[in-house]
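Novice: I am attaching a structure below and will ask some questions about it afterwards.
The values are calculated or read from the model by the stated rules, or taken from the named source; none is laboratory data. Everything numeric here is computed off the predicted structure, so don't read it as measured data. All Cβ positions, even for glycine, are placed from backbone atoms using ideal geometry, and neighbour counts span all protein chains on display. Heads up: the accessible areas ignore ligands, DNA and RNA and are worked out on the full protein's heavy atoms, side chains in. Shrake-Rupley method; radii C 1.70, N 1.55, O 1.52, S 1.80 Å.
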Amino acid sequence: MTRSTDIIISPPKGVCLPKSVSIIAFFVFFALLQACAYSQDSQIASSLEATLRDQISSGSTPLVPTARERTISKNVEILLKGAHLSKKPTDETLSERAFDLYFKALDPRKVYFYQSDVDGFAQRRKEIGAMVTTGDVSFAFEVYNLYLKRIDERIVTVLDLLNQPIDLNTDEEIITDRKAMTYPKTPEEARARWEKQIKYDILSLKAEEQDKAIEKAEKEAKNAAKENGDTAVAPVPAPSVSQDMDAFKKKLKRRYIFYNKRMHQTSNDDLLEIFLTAVANSYDPHTSYMSPSSFENFMIQMRLNLDGIGATLQSVDGLTAVKKLVSKGPAAKAGELKVDDQIVAVGQGPNGKMDDVYDMKLNDVVAKIRGKGGTVVRLEVVDQTDVDKYAEYKEEGKPKPPTRIISIVRERVQLDDQAAQSKVFEFGKKPDQTPYKIGVIDLPSFYFDSDALRRGDPNFRSSRGDIQRYLRQFVKDNVDAVVIDLRDNGGGSLQEVVGVTGLFIETGNVVMTKDIGQRSTPLDDRDPSVDWTGPLVVIVN
């Protein structure tokens, strides 16, 4: 399940037998009932599954490296070897590390490759550095093409297992610790592992349904209490949820099939990013390679703005779901797009053709929705309650459920929810019996809108500017202590690191860089002014 801001897998219920039915009639009825269930299951198999099986049997077109990927590979290796702080040679040790990281990135749970697959490539385990140096990325493409083949084999196995009865009453165990996992050695071992994985996924779906039911019941109880003027809410008993195994199977089929399709939609850029990131991570965990689309998303996160509709999107089982609307963004102001709506088609301009985006890779959907400010994008959306009906329409030819066409004018969207946030809470008591005021600032990254600065915009966005504003407000509000929360902060601009640190110190060195020639350059805070001199706690993880 991936996420992106438009920046960025029994008998039918309700049937009962009359009490007076004879034994013979019962068996006839039961046979018809099973035939009906089989017919329903076969209908799904004859559409979505059959299409997938046909595609697999005809074979997929393998990914092939081009001169562009070879050139990028050589340039990345030159940069890593010359500019990386560690000055490590691209030797056999780094090659072995890159080999392991690449396989880990593709198959972290070790459920697709066989042990013999990994062993077969092991003869080139120490050669990756040399291959990258010469721009030879054929290894990466060979591994990935085999990966696609194994995914095709596994999806056939999974569909076969889902078309059979599933017993959840057996006492079994499944290994979830990735370090303790091993690759299967035989098709039988792979099948047995997937049989357990399917049971685990079905139980997870049951738990998700239970959690949603509890959340809904608690919300209804709170609303009822509020309407009645009650201050206390009575405990909500766990509501019963559907135990429809067929529904769970159907959902999992769709999820696994769409994952298979996603992997086959991988582009050369996507594959190169996975492989060269494995190579870069072999130097250290914080060094990576970004494809052009990933770099654009990174720059959006740095400047915290983009031209789009202001919606966070998520890929869920083949559909693009709206997870969040940016406050005061174009979509929120238009008022028609709702959280949990599913986007199924996108059109450009007031009259442009609507392009079907059902089962499309999330990044490709986002690329269609983003666009120049002032232009119109049209979205065809399905209400969250009609998601299953729309899937049946696309996959089984059933009637199309109601959809809505929404026109939104793109604007420059400020991603305020991804910027630093502050709050003040009271805790304990001071000697005068008044509570302590604690100011907390959550800083998710060291962002900086360099484009706005180059344009001469005096109000350009930066982490230093936002935190300085919060600190000055804390001083006005007589806050007693400040907490800076840097947990999960992914980094960002070094100049912003210096700027933020300078708000708490007079002057001094904050960080040091080294260039290709290994010349050290200190980045100092030279501004003697300080915005906070009181107690300070910095939280990291």
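Novice: How about the range 522-533: which of its residues are surrounded by fewer than 13 Cβ atoms within 10 Å (Cβ to Cβ) and assigned to a loop (DSSP other than H, G, I, E, B)? First the steps, then the outcome.
Specialist: Of all residues in the range 522-533, those surrounded by fewer than 13 Cβ atoms within 10 Å (Cβ to Cβ) come to 522, 526, 528-529, 533.
Answer for the range 522-533, where residues must be surrounded by fewer than 13 Cβ atoms within 10 Å (Cβ to Cβ) and assigned to a loop (DSSP other than H, G, I, E, B): Arg526, Pro528, Ser529, Thr533.
Novice: Follow-up question, since we're still on this one. Find the residue count for the range 129-178, including only residues that are aromatic (Phe, Trp, Tyr) and within 23 Å of Asp54 (Cα to Cα). Explain how you work it out, then say what you get.
Specialist: The initial filter retains those residues of the range 129-178 that are aromatic (Phe, Trp, Tyr), namely 139, 141, 144, 147.
Next cut, within 23 Å of Asp54 (Cα to Cα) only: 144, 147.
Looking only at that region, the number is 2.
Novice: Is it the case, given these coordinates, that Thr90 is crowded, with 16+ Cβ neighbours inside 10 Å, assigned to a loop (DSSP other than H, G, I, E, B) and of a type in the set (S, T, N, Q)?
Specialist: Working: crowded, with 16+ Cβ neighbours inside 10 Å: yes; assigned to a loop (DSSP other than H, G, I, E, B): yes; of a type in the set (S, T, N, Q): yes.
When the stated conditions are applied, Thr90 passes them.
Novice: Still on this structure, I have one more. Find the helices (runs of 4 or more DSSP H) located wholly in the range 289-391 whose residues include 1 or more that are in contact with a Phe, Trp or Tyr (Cβ under 8 Å, 6 or more places away or on another chain) and open to solvent by 20 Å² or more (accessible area, probe 1.4 Å), and list them.
Specialist: Values: elements: 292-303, 330-334, 362-369.
Fully inside the range 289-391 and qualifying: 292-303.
Novice: Quick one: is Tyr112 part of a loop (DSSP other than H, G, I, E, B) and buried (at least 16 other Cβ atoms within 10 Å of the Cβ)?
Specialist: Numbers: part of a loop (DSSP other than H, G, I, E, B): yes; buried (at least 16 other Cβ atoms within 10 Å of the Cβ): yes.
Spelling it out, Tyr112 is indeed part of a loop (DSSP other than H, G, I, E, B) and buried (at least 16 other Cβ atoms within 10 Å of the Cβ).
Novice: So Gly508 passes all but one of these: (1) more than 37 Å from the chain's Cα centre (by Cα); (2) at pLDDT 95 or above. Which condition number does it fail?
Specialist: If we test Gly508 against (1) more than 37 Å from the chain's Cα centre (by Cα); (2) at pLDDT 95 or above, just (2) comes out false.
Novice: Need a quick list: helices (runs of 4 or more DSSP H) entirely within the range 167-284 having at least 2 residues that are open to solvent by less than 70 Å² (accessible area, probe 1.4 Å), under 18 Å from Arg154 (Cα atoms) and at pLDDT 85 or above. Steps first, please.
Specialist: On the way: elements: 187-228, 245-264, 268-281.
By residue number, 187-228, 245-264.
Novice: Within the range 126-166, how many residues are among the basic types (Lys, Arg) and either buried (at least 17 other Cβ atoms within 10 Å of the Cβ) or in contact with a strand residue (DSSP E or B) (Cβ under 6 Å, 6 or more places away or on another chain) (or both)? Working first, answer last.
Specialist: Taking the range 126-166 as the starting set, the residues that turn out to be among the basic types (Lys, Arg) are 126, 149-150, 154.
Still in the running and either buried (at least 17 other Cβ atoms within 10 Å of the Cβ) or in contact with a strand residue (DSSP E or B) (Cβ under 6 Å, 6 or more places away or on another chain) (or both): 150, 154.
Selection size over the range 126-166: 2.
Novice: Taking Ile405 as the residue in question, decide whether it is open to solvent by less than 50 Å² (accessible area, probe 1.4 Å) and either over 22 Å from Ala247 (Cα atoms) or over 26 Å from the mean Cα position of the chain (by Cα) (or both). Walk me through how you get there before you give the answer.
Specialist: Numbers: open to solvent by less than 50 Å² (accessible area, probe 1.4 Å): no; either over 22 Å from Ala247 (Cα atoms) or over 26 Å from the mean Cα position of the chain (by Cα) (or both): yes.
Considered against the rule, which asks whether it is open to solvent by less than 50 Å² (accessible area, probe 1.4 Å) and either over 22 Å from Ala247 (Cα atoms) or over 26 Å from the mean Cα position of the chain (by Cα) (or both), Ile405 comes out as no.
Novice: Ok, one more. Starting from the range 404-425, keep only residues that are farther than 24 Å from Thr375 by Cα, then list their pairs with residues that are open to solvent by less than 70 Å² (accessible area, probe 1.4 Å) and among the aromatic types (Phe, Trp, Tyr) whose Cβ atoms are within a distance under 9 Å, requiring at least 6 positions of separation or different chains.
Specialist: Gln418/Tyr447; Ala419/Tyr447; Ala420/Tyr447; Ala420/Tyr470; Gln421/Tyr470; Ser422/Tyr470; Ser422/Phe474; Val424/Phe474
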